[in-house]
Amino acid sequence: MNINQEIRKKIVLALDVDTTEEAKNLIRELKDYVGVFKVGLQFYTANGTEVFDFMKEIGAEFFFDVKLLDIPNTVKKASANIIRSGASFYNLHALGGAEMMRQSVEGANEAASEIGKKSPIILAVTVLTSISDSVLNNELEIPHSALDYVVTLAKLAKESGLSGVVASAFEARKIKEACGKDFKVLCPGIRPLWSVKGDQKRLATPSFAINEGADYLVIGRAVTAAEDRVLAMQKIYAEIEEALN
Ligand code: C5P
């Protein structure tokens with residue numbers, strides 16, 4: 001199959017496996033179809049950074065889904081370390097405030113230019129999708145709907161120099177309207193109609209997410225749990241291609 005590179009750039013594959021060996025197998029099998037591999041905290045806290053070195057060796061880009069939240073100086077230094085580890089994407093909580101976000105961008109860009117890499121894509125997590133309106137209002141005492149607050153925090157992230165946000169496909173359109181089309185939106189919770197739902201509640205199909213303006217789609221079990229992973233990926237490509245046309 002001729003791989004469409006425009007689509008490939010949009011595909012972020014979640015390496016949600018238990019061991020480095022399993023992650024390496026997934027990377028070897030799917031690297032031609034994947035723009036960015038995503039390493040999350042569950043994998044990282046079990047396995048450390050060996051898989052980072054492997055991805056660097058083979059020239060695969062990766063997203064460290066680390067969700068930083070700390071004082072600005074600590075976040076700045078951690079951000080620089082993340083870039084030195086080889087990641088070209090990472091994220092932080094917009095709830096850390098503008099100064100924390102600005103320092104993160106500064107630390108990351110300094111480290112990138114030190115090692116001769118292009119500027120990283122730094123994404124904000126706004127309101128976690130596990131937080132409902134009622135948790136936001138009653139537990140956290142934030143008197144807004146989750147959707148409105150997502151947009152507020154996305155704007156703050158943009159003003160602080162971030163590249164975009166991690167958000168549900170159901171929020172993507174509003175974020176693009178508020179922050180402009182160049183502000184990136186990376187969407188998890190993606191399921192083609194033919195795939196298993198798992199524990200995700202609000203799921204979007206790849207074509208829905210693309211039509212709502214998503215720049216990147218996080219693909220996890222829709223591919224990793226499929227019997228034929230390459231075939232599952234090819235079906236997702238076909239769906240995105242149709243949505244883009
Ligand atoms: O297998 P699945 O497609 O559900 O994987 C989704 C990936 O995206 C996981 O790595 C998960 O941690 C991440 N994620 C998510 N929902 C969010 C934020 C991140 O599923 N709201």
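Read the figures in this text as sums done on the coordinates, not as results from a lab. All figures in this text were calculated on a predicted structure; none of them were measured in a lab. Cβ: placed from backbone, ideal geometry, glycine included. Neighbour counts: every protein chain shown.
Label positions at L140 and N4, each projected 7 Å from the Cα along the C-beta direction, are separated by 3.5 nm. Its Cα centre serving as origin, the chain has a Cβ charge dipole (Lys and Arg +1, Asp and Glu -1) of approximately 360 debye.
Annotation: aspartates and glutamates with alpha-carbon distance below 18 angstrom to K76 (same-chain offsets under eight excluded): D65, E99, E106, E110, E114, E159. Comparing V165, V51, V34 in a Gaussian network model of the chain where C-alpha atoms under 10 Å apart are linked, the largest mean-square fluctuation is found at V51.
Between K38 and L13, A14, L15, F63, the built amide H atoms are under 5 Å apart, and every one of these is 5 or more places off in sequence or on another chain. Reducing the stretch 51-116 and the stretch 195-245 to their Cα centroids gives an inter-centroid distance of 27 Å. The slack in the chain from R84 to E242, taken as 0.36 nm per residue of separation less the alpha-carbon distance, amounts to 53.1 nm. Multiplying the residue separation of T74 and N25 by 0.36 nm and subtracting their alpha-carbon distance yields 14.2 nm.
Sum up the charges of everything whose Cβ sits under 14 Å from the Cβ of L13, counting Lys and Arg as +1 and Asp and Glu as -1, but leave L13 out. Every neighbour counted, the sum reads +3.
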